[in-house]
1. Specify the residue that is surrounded by the fewest Cβ atoms within 10 Å (Cβ to Cβ); the eligible residues are those in the stretch 66-96 that are touching a helix residue (DSSP H, G or I) at 6+ places or on another chain (Cβ under 9 Å) and of a type in the set (A, V, I, L, M).
2. Would you check which residues across the stretch 106-151 are farther than 10 Å from GLY72 by Cβ, of a type outside the set (Ser, Thr, Tyr) and modelled with pLDDT of 75 or more and list them?
3. Quick one: in the stretch 1-22, which of the residues that are within 20 Å of SER98 (Cβ to Cβ) and in contact with an Asp or Glu (Cβ under 6 Å, 6 or more places away or on another chain) is modelled with the lowest pLDDT?
4. Return the pair list, or none, for Cβ contacts closer than 8 Å from residues in the stretch 139-151 that are assigned to a helix (DSSP H, G or I) to residues that are surrounded by fewer than 24 Cβ atoms within 10 Å (Cβ to Cβ) and among the basic types (Lys, Arg), at least 6 apart or on different chains.
5. Tell me which residues, restricted to the stretch 20-37, are under 15 Å from LEU57 (Cβ atoms) and aliphatic (A, V, I, L, M).
6. Cβ-Cβ distance below 8 Å, separation of 6 or more or different chains: which pairs start in the stretch 48-65 with a residue that is exposed (fewer than 13 other Cβ atoms within 10 Å of the Cβ) and modelled with pLDDT under 95 and end on one that is β-branched (Val, Ile, Thr) and in a loop (DSSP other than H, G, I, E, B)?
Amino acid sequence: MITIEEFKKKHSKKVRFVGLDLGSKRIGVSICDERQLIATPFKTISKTNTNELIDQLRMIINENSVEGIIIGNPVNMDGSLGRSAQSVQDVSKNISKSINIPVILWDERLSTVGAFNLSSQLDINVSKRVKTIDQNAAAFILQGAIDYLNN
């Protein structure tokens, strides 16, 4: 894994990234365009085990010419790392060892809240919001990272 700052120095302006919101039961996946302007919700994966996640990620990466993975890091509001952040870091290390593209952790504080609030402002009904919240949170995470990379 590398930091977002290291990645910013190395990355090309013409590649696609995948964003992940790693939950305990579901994993939200988003993807950006190759100009890295817009992150779009892509799909939600039911979490079974890390190996199956890695296999599904490989398919997404190959089918969409992805060259980087941005994973939401659930840092506590005070900046400390809790149990969920440790779990995300463990899964991220496994992904990094298994997939040969850069893996970056991105501070995801309030991403799920932000995605839920945004969808409510768009007047999307609650049942649809809940169904797509993971992939929307992944898009929220990825958008924050690509905005940072483009500035």
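1. Selected residue: LEU81.
2. Passing the criteria: ILE133, ASP134, GLN135, ASN136, ALA139, GLN143, ILE146, ASP147, LEU149, ASN150, ASN151.
3. VAL15
4. So the pair list comes out as TYR148/LYS8; LEU149/LYS8.
5. LEU20, LEU22, ILE27, VAL29, ILE31
6. Pairs found: SER65/VAL15.
Yes/no per residue for (1) touching a His at 6+ places or on another chain (Cβ under 8 Å); (2) farther than 24 Å from ASN150 by Cα; (3) not in a loop (DSSP other than H, G, I, E, B):
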{"residue": "PHE17", "(1), (2), (3)": "no, no, yes"}
{"residue": "LEU20", "(1), (2), (3)": "no, no, yes"}
{"residue": "SER30", "(1), (2), (3)": "no, no, yes"}
{"residue": "GLU34", "(1), (2), (3)": "no, no, no"}
{"residue": "ILE45", "(1), (2), (3)": "no, yes, yes"}
{"residue": "ILE61", "(1), (2), (3)": "no, no, yes"}
{"residue": "GLY68", "(1), (2), (3)": "yes, no, yes"}
{"residue": "ILE71", "(1), (2), (3)": "no, no, yes"}
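The values are calculated or read from the model by the stated rules, or taken from the named source; none is laboratory data. Since the structure is predicted, the reported quantities are computational estimates derived from the model, not experimental observations. Using ideal geometry, Cβ is built from the backbone for each residue, glycine included, and neighbour counts are taken over all protein chains shown.
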